[in-house]
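A.B. asks: Provided herewith is a single structure, encoded as structure tokens, for subsequent inquiry.
Derivation of every value follows stated rules applied to the coordinates shown; laboratory data play no part. Being a predicted model, the structure only gives us computed values, none of them experimental. Cβ coordinates were reconstructed from backbone atoms using ideal geometry, including for glycine residues, and neighbour counts include every protein chain displayed.
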């Protein structure tokens, strides 16, 4: 036995409001699109190691190669690797300069190999590394960005190589 008064009570409970349902549908689609963008950015390397995260630059003369991460996390760890080809040594050593502005925004956790000397020259720090013979040199800096969120600009150069410039995005 069915009472017509009961049917209207059920319809009130369901609250069939088409405009409200459309708004909910739009919000739902926007949220799914946002999630898809976050996942795609992660797969591309924006949140860490990945295709678009690793980058490489060279000086104008091609004698200096710098490997770095485009996207780094504030207070996370990152690696900066600088390579000099054979024949870059002058008087048994290679001098590597890095802009002080960049280094002031990073904590240097380790430098491999250890430099013989580190001196300040103008707006940069100059690291001097001994080299056996006339071989290549690869210097690795383990860094921790401390600048907070934003862009970091860096210039890396050498006594026998044109400087290389790069930028990193630091995110929280």
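A.B. asks: Considering every Cα-Cα pair within the range 78-164, what fraction, in whole percent, is farther apart than 23 Å?
C.D. replies: Here the tail beyond 23 Å accounts for 19 percent of pairs.
A.B. asks: Quote the relative contact order of the chain in percent (integer), defining contacts as alpha-carbon pairs under 8 Å separated by 6+ residues.
C.D. replies: 25
A.B. asks: OK, next. If one computes the Cα centroid of the range 44-117 and of the range 130-172, what distance in Å separates the two points?
C.D. replies: Value for the Cα centre distance between the two parts: 3 Å.
A.B. asks: How far apart, in nanometres, would the label points at residue 120 and residue 153 be if each is projected 7 angstrom from Cα along the Cα-to-Cβ direction?
C.D. replies: Using points 7 Å along Cα→Cβ, the separation is 2.1 nm.
A.B. asks: What Kirkwood hydrodynamic radius do you get for the chain when you take the inverse of the mean 1/r over all pairs of distinct Cα atoms, in Å?
C.D. replies: One over the average 1/r among Cα pairs gives 19.6 Å for the chain.
A.B. asks: Please compute the alpha carbon radius of gyration of the range 41-126, then divide it by the globular-protein estimate 2.2 N^0.38 Å. Two decimals is fine.
C.D. replies: 1.24
A.B. asks: In percent, how large is the relative contact order of the range 112-172, given Cα pairs closer than 8 Å and 6 or more residues apart?
C.D. replies: RCO, the range 112-172: 24 percent.
A.B. asks: Now a separate question. What angle do you read, to the nearest 10 degrees and between 0 and 90, between the alpha-carbon axis of helix 4-14 and the longest principal axis of the chain?
C.D. replies: 10
A.B. asks: So for each of 99-111, 152-164 I average, over its residues, the number of other beta carbons within 10 Å; can you give me the resulting order with the highest mean first?
C.D. replies: Averaged packing, sorted descending, gives the order 152-164, 99-111.
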